Amino acid sequence: MFNLVIFGGPGSGKGTQSEKLIDRYGLTHISTGDVLRREISAGTELGKIADSYISKGNLIPDDLMVRILASEVDSLTPSSKGFIFDGFPRTIPQAEELAKMLEKRGEKIHAVIGLEVPDDVLTERLLERGKSSGRADDNAETIRQRLDVYHNTTSPLREYYIKDGKYKAIHGLGSIDEIFDRIISHISM
Ligand code: B4P
């Protein structure tokens with residue numbers, strides 16, 4: 001299997017670039033944001049819990065998020081050539097659990113694609129998406145909180161994966177295709 005993490009601030013293009021990577025490499029996409037939004041739309045108990053965090057711009061607690069991820073990996077592994085983990089991990093404990101989870105299955109992360117985009121551009125993109133997305137977290141106040149959470153809790157993962165030798169820094173400004181070309185220049189599979 002070939003396993004990638006796609007990493008970056010809110011609105012950095014993780015979901016957008018994941019779609020193109022799936023088309024190119026046939027990998028299986030696991031977007032924790034999408035999984036949570038599906039639960040919210042279906043009105044499940046998990047969805048109600050997820051909504052109470054997402055609508056305020058906060059992260060879902062690690063233990064819950066790790067259980068959700070493990071169940072996605074288990075259900076998708078038999079048919080998969082490899083995974084794109086989009087939006088997971090978002091904390092150091094999540095990264096440690098992901099490494100353990102993959103190791104148990106004889107697998108590992110091959111590369112972490114870090115989409116590097118300044119906060120003002122992230123804010124613009126999310127406000128623009130908010131005009132049509134209907135997402136409870138694409139408004140100015142929640143975006144500010146998401147950026148704070150990103151800088152305080154998620155961005156230390158950059159150093160974590162640099163030390164691990166897996167981090168590939170990608171300049172995240174430009175057209176979607178230009179950014180995709182930068183990403184694939186780092187992938188050999
Ligand atoms: P996510 O769903 O992961 O969403 P995201 O950070 O908003 O977006 P992404 O980077 O995928 O942006 P996109 O490509 O859509 O998370 C949502 C919430 O779920 C989190 O805040 C958290 O509460 C919760 N959650 C998820 N995972 C969790 C975890 N592991 N632990 C705890 N909580 C978790 O791009 C954004 C916009 O920019 C789009 O409109 C796109 O068209 C545009 N865009 C993209 N690339 C562009 C480019 N090059 N130029 C111009 N526009 C571009």
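Highest average first, the peptides 86-93, 72-79 ordered by how many other beta carbon atoms sit within 10 Å of their residues are 86-93, 72-79. Comparing Lys56, Lys131, Lys108 in a Gaussian network model of the chain where C-alpha atoms under 10 Å apart are linked, the largest mean-square fluctuation is found at Lys131.
Multiplying the residue separation of Arg105 and Tyr160 by 0.36 nm and subtracting their alpha-carbon distance yields 17.6 nm.
Taking the chain as a Gaussian network, Cα atoms linked when under 10 Å apart, which of Ala70, Ala169, Ala50 shows the biggest mean-square fluctuation? Of Ala70, Ala169, Ala50, the Gaussian network model singles out Ala70 as fluctuating most. Near the amide H of His29, within less than 5 Å, lie the amide hydrogens of Ile84, all on another chain or at least 5 residues away, with H placed in the peptide plane.
Calculate what fraction, in whole %, of the accessible area of the range 107-186 sits on carbon and sulfur atoms when a 1.4 Å probe is rolled over the protein chains. Intermediate results must be reported in sequence, preceding the final value.
Values: 2150 of 4440 Å².
Ligands and nucleic acids excluded, carbon and sulfur reach 49 percent.
Charge tally around Leu98: other residues with Cβ under 14 Å, Lys/Arg +1 each, Asp/Glu -1 each, net -3.
Its alpha carbons give the chain an Rg and a Dmax of 15.7, 44 Å. Using the average count of surrounding beta-carbon atoms within 10 Å as a protection proxy, the listed peptides 132-145, 23-36 rank, highest first, as 23-36, 132-145. The helix-only estimate of mean residue ellipticity at 222 nm for the chain, built from DSSP H runs of length n ≥ 4 each weighted as -39500 (n - 2.57), is -16500 deg cm²/dmol after division by the residue total. Note on the range 78-189: lysine pairs with Cα distance below 18 Å, sequence gap of 8 or more or different chains, count 8. Here Lys48 is the anchor, and the aspartates and glutamates within straight C-alpha reach of less than 20 Å, apart from those fewer than 8 places off in the same chain, are Asp34, Glu39, Asp62, Asp63, Glu72, Asp137, Asp138.
The values are calculated or read from the model by the stated rules, or taken from the named source; none is laboratory data. Just so you know, these numbers come straight off a predicted model, no measurement behind them. As a convention, Cβ positions derive from the backbone with ideal geometry for all residues, glycine included, and neighbour counts pool all protein chains shown. Side chains included, ligands, DNA and RNA excluded: accessible areas come from the protein's heavy atoms. Shrake-Rupley method; radii C 1.70, N 1.55, O 1.52, S 1.80 Å.
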